[in-house]
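To keep things clear, I will list the structure first and then write my remarks on it.
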Amino acid sequence: MTGVCTWFILVSMKQMFVRVRGILKTLFDRINNETLKRNLLQAIPFWIASLITGLIAVCYAVLFGWAENGAAWVIHHHGWLMLIATPACFLLAWWLVAWFAPYARGSGIPQVIAAVELTNPITNDRVKALLSLRIIVVKIVSSLIMVLGGAVVGREGPTIQIAGSVFRKVNQWLPAWWPKISRRNMIKAGAAAGLAAAFNTPLGGLVFAVEELTRTHISYFKTALFTSVILAGLTAQALLGPYLYLGYPEVSNLSHSLFFIVIMVAILAGLSGAGMAKVILWVLAWVKGFKSRSRHILYTIICALIIAVIGVYFDERMFGSGKELMTHTLFTGDKELPWYVPVFRIAGSILSFTTGGAGGVFAPALGAGAGVGSVVGGWFHLTDGNMNVVILAGMVAFLTGVTRTPFTSFILVLEMTDRHNVIFHLMLAGMVSSLVSFLVDRHSFYDHLKHIYKKELTHEPLPAS
């Protein structure tokens, strides 16, 4: 049902775009200033794609929340059902991806990075495998099913691939007489708009586009990038309100020695994040070597059962994206978590991601980082304000360990909480984590996955690790 609704919305938007395009052609034919006409015509596709991205991001966020709440209701009232629901949902999510859109699996961010690098007239068909309307539908449906089954996945990475697909498709819908727009810049702007709409973090979207997606100077497409982020973010805010992803945690009366604890957390969380990414890559390579689908089905069932058993009989914090864990530690007096909670969260991400369904690692990485920060902070019996800073530092450090984007990580957490008085603590956490992560792997998680996707599509050799 969700897939049918999504497909209907996309088709309706395409028809609306065609009609608007005809009206605009008539209007712009009457404009005599050619420079003004060209600039406006080049800007309009970014505006339209941004509005569509914002609408889809909001609908996706609402559906994702419903799926998480549905899973939580089952866990609290009939927990034993998860022993059936989790394997069933994992298998269905994997089957949808494997059968309809293989490159809808996983996060979505490495697919967008690969699409940016592959975008040219020769490899256009290969980019279609990474970004398309089919990808949008399968990505949404598969990830929602994963979440309903209690998977440790997030919606932020998928939103970025969805946004990239929207921007690419709008660019394709442009008629021959329309001024040409760089396909790469269109996809980059879409990814930034997707992140801004998913987290309500416009600065994070901008920095992400510069730090992760582009190796060209930002001046070449800065106007398109800014307007895309602004319009997508404003569309999301118009429907959901000017919310913060997490809220306003208390960070007052900070100790002068807190920087040393932040460094300790950054080292542990950074190594944990990089280590988790390394294990996921190793497991994915192992799973790819399965000779038959029956072995993959068996592996998926085993992973799902492990998550369900731990979540039902040991600790229900094993389930879900991790946002509830973050808000609980930041906004309640129960800030000290047992040591096994971040371990379970890391294991849950590995088991969920490697089964082949759709779902990202952004929110799960932040949740695991909050767990690491909570455990380390508990060793020192900190006050609530100091404890919250350590938790936020763990979030930044763990995400940096996975993505190797320290600027994006600390700006995202900063915008999620609006706690500017701890900006130096978060910057320090990101910097330390970025340095220690190289001890585990020289390349980021997304970089490895990008090369895997490019190799599958172009048969290029993988770079040395």
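Scanning the range 31-79 for residues that are modelled with pLDDT under 90 and of a type in the set (Phe, Trp, Tyr) yields Phe46, Trp47. Considering the range 148-170, the residues that are of a type in the set (Val, Ile, Thr) and under 14 Å from the mean Cα position of the chain (by Cα) include one that is surrounded by the fewest Cβ atoms within 10 Å (Cβ to Cβ), namely Val152.
Out of Val402, Val422, Val389, I need the residue that is within 23 Å of Lys323 (Cβ to Cβ), of a type outside the set (S, T, N, Q) and under 18 Å from the mean Cα position of the chain (by Cα). Which one? If you could, list the steps in order and put the result at the bottom.
Details: Val422 fails: under 18 Å from the mean Cα position of the chain (by Cα); Val389 fails: under 18 Å from the mean Cα position of the chain (by Cα).
Only one candidate passes the filter, namely Val402.
Each residue in the range 385-441 was checked for being among the charged types (D, E, K, R) and at pLDDT 90 or above, and 2 of them qualify.
Every listed requirement among (1) modelled with pLDDT of 90 or more; (2) out of contact with any Pro (no Cβ under 9 Å at 6 or more places or on another chain); (3) crowded, with 23+ Cβ neighbours inside 10 Å is met by Trp379 save one, (3).
Going by the conditions given, is Val402 assigned to a helix (DSSP H, G or I), among the β-branched types (Val, Ile, Thr) and either closer than 30 Å to Leu91 by Cα or not assigned by TED's automatic domain parsing to the domain that holds Trp339 (or both)? Give the derivation first.
On the way: assigned to a helix (DSSP H, G or I): yes; among the β-branched types (Val, Ile, Thr): yes; either closer than 30 Å to Leu91 by Cα or not assigned by TED's automatic domain parsing to the domain that holds Trp339 (or both): yes.
Yes: the conditions hold for Val402.
Can you spot a residue in the range 70-85 that is surrounded by fewer than 18 Cβ atoms within 10 Å (Cβ to Cβ), over 18 Å from the mean Cα position of the chain (by Cα), of a type in the set (Val, Ile, Thr) and farther than 24 Å from Ala196 by Cα? Checked the range 70-85: at least one residue is surrounded by fewer than 18 Cβ atoms within 10 Å (Cβ to Cβ), over 18 Å from the mean Cα position of the chain (by Cα), of a type in the set (Val, Ile, Thr) and farther than 24 Å from Ala196 by Cα.
Looking at Leu268, is it at pLDDT below 95, over 19 Å from Val153 (Cα atoms) and either surrounded by 15 or more Cβ atoms within 10 Å (Cβ to Cβ) or not assigned by TED's automatic domain parsing to the domain that holds Val436 (or both)? Considered against the rule, which asks whether it is at pLDDT below 95, over 19 Å from Val153 (Cα atoms) and either surrounded by 15 or more Cβ atoms within 10 Å (Cβ to Cβ) or not assigned by TED's automatic domain parsing to the domain that holds Val436 (or both), Leu268 comes out as no.
Thr216 falls short on exactly one of the conditions (1) part of a loop (DSSP other than H, G, I, E, B); (2) modelled with pLDDT of 80 or more; (3) among the β-branched types (Val, Ile, Thr), and that condition is (2). Note on the range 173-187: residues that are more than 19 Å from Leu133 (Cβ to Cβ) and either touching a strand residue (DSSP E or B) at 6+ places or on another chain (Cβ under 7 Å) or assigned to a helix (DSSP H, G or I) (or both) total 2.
The values are calculated or read from the model by the stated rules, or taken from the named source; none is laboratory data. Keep in mind that this is a model prediction, so the values were computed, not measured. FYI the Cβ positions are ideal-geometry reconstructions off the backbone, even for glycines, and counts take in every protein chain you see.
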